[in-house]
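The structure under discussion appears below in the form of structure tokens.
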Amino acid sequence: MESFYAFIAVILVAFVVLVLTATYNSFKTQIPPDIDQPLKLRLYHCMYALIEVLAKNLERFGIVEEHVLLRPIFDGLPACRDSKLFIKDLHFDGVPVRIYCPKAPSARKRRGLIFFHGGSGIFGSIRTFERVCRYLARKSDSVVVSVGYRLAPEHSYPAQTLDCLTATVHFMKTAETYGVDPDRILVCGDSAGGNFAARVCQELVDRRDIPKISAQVLIYPFLQALNFNLPSHQKNAFTAFLTQECLVRFVLKYLRKDCSLLPATVAGSHVPESMSLKYGKWIHPDLIPEVFKVGYKPLLPSPFLPQVHEETKQVFEVRFTPLLAEDAVVCCLPDTCIITCEHDVLRDDGLLYKKRLEDNNVKVTWYYLEKGFHGTLAFFGYGIFSFPTSSQVVKHIVNFIKDY
């Protein structure tokens, strides 16, 4: 009996330590007063911090990997029936997809929208953005295809981009089967999904066997891993839900690298001087508008560490960092909608790509959410548990795609 009480005591102590650690981590994370509904966001972040701390400790003791425990959280709650849509699960050349098609008859072939969910390539699923895709299909009268690409680390990079590319090409070749005009197909993605959308468009620039993508929608996209100290990285280094440390940790996990490389990667020690000079014309704080550089402090260059570069050299591939695409590719890209949030470490990735596109005479529609934060789209469709910026994002997407 004494051993039983001792066991219970250990469990209680462990739980208290867990809660205290999560509370400390939560309040170490910043919730700016001008962010969208700060008290609600603080509550959500406290809940997430508790689960994250538990997941990290279970992984540390070899019980279960962190991403396995976190994935159900990212999936969200199942959505109710939708009487206005036909919804069907299929496979496009082996890639799982879910198609949303309005039931109402259409006078002409509809536009198509291919959606790539976010989640660092590690988390998220078709279910995560079920409510988003349903809304886009209904409000824009489009056939929406949500792509369930394979996740890392079980499936190594670049499996995720390749799955997105495979699903896109298949849909473009068979669009008319689903009542879609092949010349009115857009791609859309948030965060890592924005990376995949950008890269799919770049990969298809020279394809002549399929129609051209008519437009792309990039929602707070992740587009580069060379500089983690841009103004938005500094300003939002500790802002929920994606801190600077979390961003780099997820990049390393996505590439199946040791997270001990994190400090050196944040400092930029993975980038040789030759590459800093070569790509400085595309990725540099000086390219960010001054209005977004309030409080920014340039850092002294960190010493280059060849071993860190060797371990992380995949980040210099255009497939991983779309901002490194040559001008000959960028100038051929379709009309683009970019949505950025002020309280987001990835804000400047979107601003840098916006500049690159505009410099190459690509038409860009830019929506900027002053109160927005990274991940706000995932909260859409949950009523009072959602955020105003969640609705703003989907409305901006609908307004943009209705022109195509």
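The values are calculated or read from the model by the stated rules, or taken from the named source; none is laboratory data. Quick caveat, the model's predicted, so the values are computed rather than measured. Here the Cβ is made from the backbone with ideal geometry for all residues, glycine too, and neighbour counts use every protein chain on show.
Side notes on the structure shown:
- With respect to (1) at pLDDT 95 or above; (2) closer than 23 Å to Leu262 by Cα; (3) more than 16 Å from the chain's Cα centre (by Cα), the lone exception for Phe320 is condition (3).
- Among the residues of this structure, Ile122 counts as one that is assigned to a loop (DSSP other than H, G, I, E, B) and either hydrophobic (A, V, I, L, M, F, W, C) or not assigned by TED's automatic domain parsing to the domain that holds Gly383 (or both).
- For region 287-297, the candidate set comprises residues that are in a loop (DSSP other than H, G, I, E, B) and not aromatic (Phe, Trp, Tyr); within that set, the residue that is nearest to Gly350 (Cα to Cα) is Ile288.
- Count of region 343-366 residues which are farther than 13 Å from Pro221 by Cα and buried (at least 20 other Cβ atoms within 10 Å of the Cβ): 3
Yes/no matrix, rows are residues, columns are (1) of a type in the set (D, E, K, R); (2) assigned by TED's automatic domain parsing to the domain that holds Gly148; (3) closer than 30 Å to Cys259 by Cα; (4) modelled with pLDDT under 90:
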| site | (1), (2), (3), (4) |
| --- | --- |
| Ala55 | no, no, yes, no |
| Leu58 | no, no, yes, no |
| Asp75 | yes, no, yes, no |
| Leu90 | no, yes, no, no |
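- Subset of region 71-106 that is in a loop (DSSP other than H, G, I, E, B), in contact (Cβ under 8 Å) with a residue 40 or more places away in the chain and not hydrophobic (A, V, I, L, M, F, W, C) - its residue that is surrounded by the fewest Cβ atoms within 10 Å (Cβ to Cβ): Pro78
- Val68 meets each of the listed conditions (1) part of a helix (DSSP H, G or I); (2) surrounded by fewer than 20 Cβ atoms within 10 Å (Cβ to Cβ); (3) in contact (Cβ under 8 Å) with a residue 40 or more places away in the chain; (4) hydrophobic (A, V, I, L, M, F, W, C) apart from (3).
- Of all residues in region 147-179, those satisfying the criterion of being farther than 27 Å from Leu352 by Cα and crowded, with 23+ Cβ neighbours inside 10 Å are Ala167, Phe171, Ala175.
- Selection status of Lys278, at pLDDT 95 or above, buried (at least 18 other Cβ atoms within 10 Å of the Cβ) and not in a loop (DSSP other than H, G, I, E, B): no
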